[in-house]
1. Please compute the length gained on full extension between Lys577 and Leu394, using 0.36 nm multiplied by the number of residues separating them and subtracting their Cα-Cα distance.
2. For segment 216-329, just the Cα atoms, rotate onto the principal axes and tell me the three extents in Å, largest first.
3. Here is the link list: Lys228/Lys267; Lys334/Lys389; Lys551/Lys629. Which ones come out longer than 22 Å on Cα distance?
4. Using only alpha carbon pairs under 8 Å that are at least six residues apart, calculate the relative contact order of segment 294-340 and give it in whole percent.
5. Please report the net charge: other residues with Cβ closer than 12 Å to the Cβ of Lys510, K and R +1, D and E -1.
6. Bin width 10 Å, origin at 0, all Cα-Cα pairs of segment 491-588: what percent of pairs per bin?
7. Can you tell me the FRET efficiency between Glu272 and Ala662 if r is taken as the Cβ-Cβ distance and R0 is 35 Å, rounded to the nearest 0.05?
8. Okay, which of segment 557-583 sit inside 19 Å, backbone N to the point 7 Å along the Cα-Cβ direction of Glu211?
Amino acid sequence: PRRDFISVTLGPEEVVGVGGYNNSKAWRRRSCWRKWKQLSRLQRSVILFLFAFLAVCGVISYTSMGEAWKSITNKSLDEQRTEQEIPGLKLANPAVLPAPQKADANHGDFPELSLQKPPKLPHVRRGPSNLQIKAPRRDVRLKTRHDTIRAVEELVEADKVEKTEKSIISWRGAVIEPDQSTEPPSSKIKEPEKPSSMEAEDQKEPVPINERQLAVIEAFRHAWKGYKDFAWGHDELKPLSKSYSEWFGLGLTLIDALDTMWILGLKEEFEEARKWVANDLVFDKNVDVNLFESTIRILGGLLSTYHLSGDSLFLEKAKDIGNRLMPAFKTPSKIPYSDVNIGRGTAHPPRWTSDSTVAEVTSIQLEFRELSRLTGDEKFQKAVDEVMKHVHTLSGKNDGLVPMFINTNSGQFTHLGVYTLGARADSYYEYLLKQWIQGGRKENELLEDYMRAIEGVKKHLLQRSEPKKLTFVGELAHGHFSAKMDHLVCFLPGTLALGAHNGLAADHMKLAEALIETCYQMYAQVETGLSPEIVHFNLHAQKGHKDVEIKPADRHNLLRPETVESLFYMYRFTGDKKYQDWGWEILQNFNRYTRVATGGYTSINNVQNPSNPEPRDKMESFFLGETLKYMFLLFSDDIDLINLDKYVFNTEAHPLPIWVPA
Ligand code: DMJ
């Protein structure tokens, strides 16, 4: 059925010729070859030559291109790695530091660089290492070898500084700088503050100790020998009977003397005393102590020794005694009791009254406030601030002058109408000013009370004696003026001078100058050249009478510090050498009439009898804590030996840091 078609068989050429399509590989090969055959011999030679030439060029360029590509690839990898290690830092040179070379040699290599001063090391703050701002490790571009070497040296130096900063707790026979930025206590409990350390002072040329200071050191050693031989670890030396007396049984003289030894540079004695504190000072004792006395002598002494030495042992002990004294504040009025049993944690007033002494409850503030600042525990400061705030508001003052007693139940002054700058009121005035200074001169109520009180002194208590017209501070009892002045009042010229130094009225300095002259006369007009405990001034000229009269009951001398203390302030602020000379006279008279040959110094009963001053057989702890310390400072011409813009002395001569130095 399918037979009606025509079959035609064609050769390859004919198929193409008729326009048919064939793209097979075999056909294409055959076609190229036919074309090549159709070329002339010359044409074929030229083409072959061109192919050969291109092939040679290709081989050569392949080799060099490969190298170039390889290096490009490697470099970018290096850069990527460097970027990961030091973000933002691109090194122009390979990241390999050349070996350090001497600066000079280096300088020769790079004549275009002038030799610069060594770069200032970044300031590293004092304080616990974890709080220190470390020397920044600079992300610099190290452009030259010179720069590189300098950078390495800087880092080595910075590391050295860091290590030194961490390890500073060094013996220093004298001055120590408080931390530049001590802060008032915060409300949060924090790590203990590091003590004001001393490196700045250590870097200074030490001021040589002069002859008079050496004499003080000798006197101290003599006193210390007596204490060590006959009273070691007890409260007070009895140098004549070669024994001791106990008051609290807490090594009072030893603790009071710690910072004096530090300031005088008595390293061996200090180390020995430190060992006693570490091994034998125990506060867990069933013993009644006087809150004020143990605060100013023990707490104050431990705190200042901590600041001077940087040794945390003293802070630990300070915390312990501070805590044990706190029960004193548990009274209906929050005015503390006079006595505390530091073992039992109970407190009470004296047996015969529920009153406390005004000076006592208002002269524990510097110490408790500092304890709060150091521990971060505000309970200490709160308790003592409350007392000051309360006293600030009380009635019963007379132009800023306070009575001598305050009741722990009612919180009111008692025994109204008697005003003195002496016993039972003295350090109230001193601590108004000193708390204001300690806190950075911001607490206006304290300043107000201080300024008002000094006006009160001027108005009610100042008089002039005859014949020398010495200005003195008497007492007022129910409207009657008494020309009686305790030696204790001789703290006042120093305090007035300190106030004037801190910017208070210039007439305070004038008054200080007049009063220190009087205090000196209380020594100079007496047969032994030593002041009695109390003097009465003559208000009327009488033939053959001096300015100073002494009653038989008042003619003892307890080796008290107040006049020497004020001489020290006066010399510091005026530079007038007469104050040093007066102090020198007093030291010589202590040596003449109170020195005990076998060791120690003694209080005497009669300053009017040079042939028999009647030794009392007792060396008070404040002779080492205060009197000799102020002597040593008075004879020094180094204002940085306890700089008064950085430290404030408590009423027992223990220097505590000013929180915001002037
Ligand atoms: C010291 O304990 C203190 O100076 C106190 O303020 C007054 N009495 C003695 C020194 O005389």
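1. Between Lys577 and Leu394, full extension yields 61.6 nm more.
2. In descending order, the Cα extents are 41, 34, 23 Å.
3. Cα-Cα > 22 Å for Lys551/Lys629; rest within.
4. Relative contact order of segment 294-340: 26 percent.
5. Counting the neighbours of Lys510, the net charge comes to -2.
6. 16, 44, 31, 9, 0
7. After rounding, the FRET efficiency stands at 0.45.
8. Only 577-583 pass the distance filter.
The values are calculated or read from the model by the stated rules, or taken from the named source; none is laboratory data. Note that this is a predicted model, so its numbers are computed, not measured. Because the Cβ atoms are built from the backbone with ideal geometry, glycine has one as well, and the counts that use them run over all protein chains shown. Please note that ligands, DNA and RNA were not included when accessible areas were found on the heavy atoms of the full protein model with its side chains. Shrake-Rupley method; radii C 1.70, N 1.55, O 1.52, S 1.80 Å.
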